[in-house]
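**Student:** If you scroll down you'll find the structure; I have some questions about it.
The values are calculated or read from the model by the stated rules, or taken from the named source; none is laboratory data. All values reported here derive from a predicted model rather than from experimental measurement. Ideal geometry is used to build each Cβ from the backbone, glycine not excepted, and the neighbour counts take in all protein chains shown.
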Amino acid sequence: MGRSGVGVVALFTLSLLFVSYEVVDSAIGVNWGTLSFHKMRPSTVVDLLKANKITKVKLFDTNPDALRALMGTGIQVMVGIPNEMLSSFNSDLFVQQNLSRFIGKNGADIRYVAVGNEPFLTGYGGQFQNYVVPAMVNLQQSLVKANLANYVKLVVPCNADAYEANVPSQGTFRPELTQIMTQLVSFLNSNGSPFVVNIYPFLSLYGNSDFPQDYAFFEGSSHPVPDGPNTYYNAFDGNFDTLVAALTKLGYGQMPIVIGEIGWPTDGAVGANLTAARVFNQGLISHVLSNKGTPLRPGSPPADVYLFGLLDEGAKSTLPGNFERHWGIFSFDGQAKYRLNLGLGNRGLKNAKDVAYLPSRWCVAHPSRDMTLVGDHLRLACSEADCTTLNDGGSCSQLGEKDNISYAFNSYYQMQMQNEKSCDFDGLGMVTFLDPSVGDCRFLVGVTDKGLSSSAEPMTRWSVYHICIGVLIWTLTM
Ligand SMILES: *[C@@H]1O[C@H](CO)[C@@H](O)[C@H](O)[C@H]1NC(C)=O
Ligand SMILES: *[C@@H]1O[C@H](CO)[C@@H](O)[C@H](O)[C@H]1NC(C)=O
Ligand SMILES: *[C@@H]1O[C@H](CO)[C@@H](O)[C@H](O)[C@H]1NC(C)=O
């Protein structure tokens, strides 16, 4: 599409943007991460979003398959630029190849580009921080050239470790970030962009045995935090207002705030379980939709809240902990893990439909073989596939030794798309057609995102068959 074409679309959609800003308050969206060995087809995921009336989604890149599946759906999209790309970033090329061609009439409704993902995280030791503002400035110019600047906003999702304080009202950005943050928020402000922050009360609880457990949730706390005239009853409000105070110190106390990631994992750690995740997420949603706001922003909740995450991602790094692969409100295959009212019109979550599963078969430890020498196989299986639920606090941590081996074998076999050789393990493995799942411990069957849906092929044959019959009848009646 030529520039003027985009311009017309941008103008048109811009007017839509203003209208929708007046009507819509806070909205609940989701993060769609794709670090999984078992990715569903993008169209299946988009159908899942639609079935759950989710109208805002945040991606971590500009994956063309995801963006194509989102085209024409009206779902608003935040795309991302990975940190590693910032140092050699070509903004014109990015706009041309990764944005413009998806935007337009019946295109993907890309509203935000996240420049980096938590680029100021303490753990990165500053390696990305100097690239962020220059990349934003260049990208903004490229957006202007492409006539997209009024429509697509640039943001930088920050981890909550960008600011600190003993009590919320004392919030300041980390001293070494003062200069960058000053530039960043001034840039955001002049372009009408919100400040995007990721807040994780679970991690506060996980990393700190003194952290009062009920303060992580939304049902009142036996350890409220007094702060001058205000009292904080939950970690979310306290964290949010710490950011408000830090922004106020830079002169931008009114800047809109969007929660880029927030959630609770269901497996892989003590305290990561279905009940806690449901209570946290439901409490968060009710809190945000009540429009109560926080002590420093009464009646003014965050503009948008993106839950983390939509799906479990079994291929994520376990460096932060085994829970890292279990943040989904849905399992990897789009099945709801617990009851949750997203406040978007449905009372509960709706499962994904038409998931393209591999055949119903599993790889298990051969019942009559001696497993003494299984060690190396286990290490290989679990270093490549996901075995996180086997560990302490995990949903499969109660398995016996042989079931443990079966679980690891199966994980690997499914990850290898049920390749027959991948269940060999020097004769110690065996394929079975009986589901070996035990209680809450689910032995998965993989899914595929490849090719036609499983029902498409028989359907094609079916219609060929119909045509043949038709021709036959026609020939017979001639
Ligand atoms: C566009 O996105 C792809 C990933 O889908 C990435 O590999 C590529 O580097 C991006 N192009 C530019 C110019 O940033
Ligand atoms: C679930 O996690 C919560 C806190 O995160 C904890 O209090 C509770 O005991 C856990 N429940 C189970 C059954 O482990
Ligand atoms: C099962 O595997 C996990 C993870 O490797 C291990 O921590 C646990 O001790 C094993 N359990 C048994 C009964 O072997």
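**Student:** Answer yes if at least one residue in segment 384-404 is of a type outside the set (Phe, Trp, Tyr), in contact with a Phe, Trp or Tyr (Cβ under 9 Å, 6 or more places away or on another chain) and exposed (fewer than 15 other Cβ atoms within 10 Å of the Cβ), and no otherwise.
**Tutor:** Scanning segment 384-404 turns up no residue that is of a type outside the set (Phe, Trp, Tyr), in contact with a Phe, Trp or Tyr (Cβ under 9 Å, 6 or more places away or on another chain) and exposed (fewer than 15 other Cβ atoms within 10 Å of the Cβ).
**Student:** Filter segment 282-314 down to residues that are more than 16 Å from ligand 3 (Cβ to nearest atom) and under 30 Å from residue 382 (Cα atoms), then give me how many there are. Write out each step before concluding.
**Tutor:** The initial filter retains those residues of segment 282-314 that are more than 16 Å from ligand 3 (Cβ to nearest atom), namely 282-313.
From what is left, the residues that are under 30 Å from residue 382 (Cα atoms) are 307-313.
Summing the residues that are more than 16 Å from ligand 3 (Cβ to nearest atom) and under 30 Å from residue 382 (Cα atoms) in segment 282-314 gives 7.
**Student:** Pick out the one residue from 19, 46, 24 that is at pLDDT 95 or above and more than 16 Å from ligand 1 (Cβ to nearest atom). Spell out how you get there, then give the answer.
**Tutor:** Numbers: 19 fails: at pLDDT 95 or above; 24 fails: at pLDDT 95 or above.
Selected residue: 46, the only one of 19, 46, 24 that is at pLDDT 95 or above and more than 16 Å from ligand 1 (Cβ to nearest atom).
**Student:** For segment 77-97, what are the residues that are surrounded by 22 or more Cβ atoms within 10 Å (Cβ to Cβ) and more than 15 Å from residue 134 (Cβ to Cβ)?
**Tutor:** Within segment 77-97, 77, 78, 79, 80, 95 meet the criteria.
**Student:** Got a sec? Which of 391, 410 is touching a residue at least 60 places away in the same chain (Cβ under 8 Å) and not assigned by TED's automatic domain parsing to the domain that holds residue 38? Explain how you work it out, then say what you get.
**Tutor:** Working: 410 fails: touching a residue at least 60 places away in the same chain (Cβ under 8 Å).
When all the criteria are applied, what remains is 391.
**Student:** In addition: Being buried (at least 18 other Cβ atoms within 10 Å of the Cβ) and assigned to a helix (DSSP H, G or I) is the filter; apply it to segment 199-210 and report the residue that is farthest from ligand 3 (Cβ to nearest atom).
**Tutor:** Taking segment 199-210 as the starting set, the residues that turn out to be buried (at least 18 other Cβ atoms within 10 Å of the Cβ) are 199-203, 205-206.
Subsequent filtering for residues that are assigned to a helix (DSSP H, G or I) retains 201-203, 205-206.
Numbers: 201: 27, 202: 22, 203: 23, 205: 23, 206: 19 Å.
The qualifying residue farthest from ligand 3 (Cβ to nearest atom) is 201.
**Student:** In the list 265, 302, which residue meets the criterion of being in contact with a His (Cβ under 8 Å, 6 or more places away or on another chain) and buried (at least 24 other Cβ atoms within 10 Å of the Cβ)? Give the derivation first.
**Tutor:** On the way: 302 fails: in contact with a His (Cβ under 8 Å, 6 or more places away or on another chain).
Matching residue, one of 265, 302: 265.
**Student:** Then there is this: Name the single residue that is nearest to ligand 1 (Cβ to nearest atom) among those in segment 90-112 being among the charged types (D, E, K, R) and out of contact with any Ser or Thr (no Cβ under 7 Å at 6 or more places or on another chain).
**Tutor:** Filtering segment 90-112 down to residues among the charged types (D, E, K, R) leaves 92, 101, 105, 109, 111.
Keeping just the survivors that are out of contact with any Ser or Thr (no Cβ under 7 Å at 6 or more places or on another chain) gives 101, 105, 109, 111.
On the way: 101: 10, 105: 22, 109: 18, 111: 18 Å.
If we take residues in segment 90-112 being among the charged types (D, E, K, R) and out of contact with any Ser or Thr (no Cβ under 7 Å at 6 or more places or on another chain), then 101 is nearest to ligand 1 (Cβ to nearest atom).
**Student:** Of these, 144, 155, which one is β-branched (Val, Ile, Thr) and free of Cβ contacts under 8 Å to residues at least 40 places away in the same chain?
**Tutor:** Numbers: 155 fails: free of Cβ contacts under 8 Å to residues at least 40 places away in the same chain.
Being β-branched (Val, Ile, Thr) and free of Cβ contacts under 8 Å to residues at least 40 places away in the same chain holds for just one of 144, 155, which is 144.
**Student:** Separate question: I'd like to verify a number: residues in segment 409-430 that are under 18 Å from residue 358 (Cα atoms) and surrounded by 16 or more Cβ atoms within 10 Å (Cβ to Cβ), how many? I'd like the intermediate steps shown before the answer.
**Tutor:** At the first step, the residues of segment 409-430 found to be under 18 Å from residue 358 (Cα atoms) are 409-423, 430.
Subset that is surrounded by 16 or more Cβ atoms within 10 Å (Cβ to Cβ): 409-416, 418, 422-423, 430.
Matching residues across segment 409-430 total 12.
**Student:** Evaluate segment 57-78: report whether one residue or more is acidic (Asp, Glu) and either in contact with a strand residue (DSSP E or B) (Cβ under 9 Å, 6 or more places away or on another chain) or over 23 Å from residue 155 (Cβ atoms) (or both).
**Tutor:** Start the filter on segment 57-78 by keeping residues that are acidic (Asp, Glu), which leaves 61, 65.
Retained after the next criterion (residues that are either in contact with a strand residue (DSSP E or B) (Cβ under 9 Å, 6 or more places away or on another chain) or over 23 Å from residue 155 (Cβ atoms) (or both)): 61, 65.
The answer is yes; a qualifying residue exists.
**Student:** Can you find a residue in segment 352-374 that is more than 16 Å from ligand 3 (Cβ to nearest atom) and closer than 19 Å to residue 28 by Cβ?
**Tutor:** Restricting attention to segment 352-374, the residues satisfying the condition of being more than 16 Å from ligand 3 (Cβ to nearest atom) are 352-363, 366-369.
Checking which are closer than 19 Å to residue 28 by Cβ leaves us with 352.
There is at least one residue in segment 352-374 that is more than 16 Å from ligand 3 (Cβ to nearest atom) and closer than 19 Å to residue 28 by Cβ.
**Student:** Yes or no: segment 110-124 includes at least one residue that is more than 27 Å from residue 307 (Cα to Cα) and not in a helix (DSSP H, G or I).
**Tutor:** Quick first cut of segment 110-124, residues more than 27 Å from residue 307 (Cα to Cα) only: none.
No, every residue in segment 110-124 fails to be more than 27 Å from residue 307 (Cα to Cα) and not in a helix (DSSP H, G or I).
**Student:** OK, next. Of the residues 235, 277, 245, which is on the phi < 0 side of the Ramachandran plot, within 12 Å of ligand 2 (Cβ to nearest atom), aliphatic (A, V, I, L, M) and out of contact with any Cys (no Cβ under 6 Å at 6 or more places or on another chain)? Quick ask: steps written out before the conclusion?
**Tutor:** Values: 235 fails: within 12 Å of ligand 2 (Cβ to nearest atom); 245 fails: within 12 Å of ligand 2 (Cβ to nearest atom).
Result of the check over 235, 277, 245: 277.
**Student:** Being touching a Lys or Arg at 6+ places or on another chain (Cβ under 9 Å), more than 16 Å from ligand 1 (Cβ to nearest atom) and aliphatic (A, V, I, L, M) narrows it down to one residue among 284, 289, 296, 274; which is it?
**Tutor:** Working: 284 fails: touching a Lys or Arg at 6+ places or on another chain (Cβ under 9 Å); 289 fails: touching a Lys or Arg at 6+ places or on another chain (Cβ under 9 Å); 296 fails: touching a Lys or Arg at 6+ places or on another chain (Cβ under 9 Å).
Going through 284, 289, 296, 274 in turn, the sole match is 274.
**Student:** In this structure, is residue 288 farther than 23 Å from residue 352 by Cα and not basic (Lys, Arg)? Write out each step before concluding.
**Tutor:** Values: farther than 23 Å from residue 352 by Cα: yes; not basic (Lys, Arg): yes.
Taking the combined requirement at face value, the residue satisfies it.
**Student:** Name the strands (runs of 3 or more DSSP E) wholly inside segment 211-305 in which the number of residues that are under 27 Å from residue 180 (Cα atoms) is 3 or more. Reasoning before the result, please.
**Tutor:** Numbers: elements: 225-227, 230-232, 257-262.
Hits in segment 211-305: 257-262.
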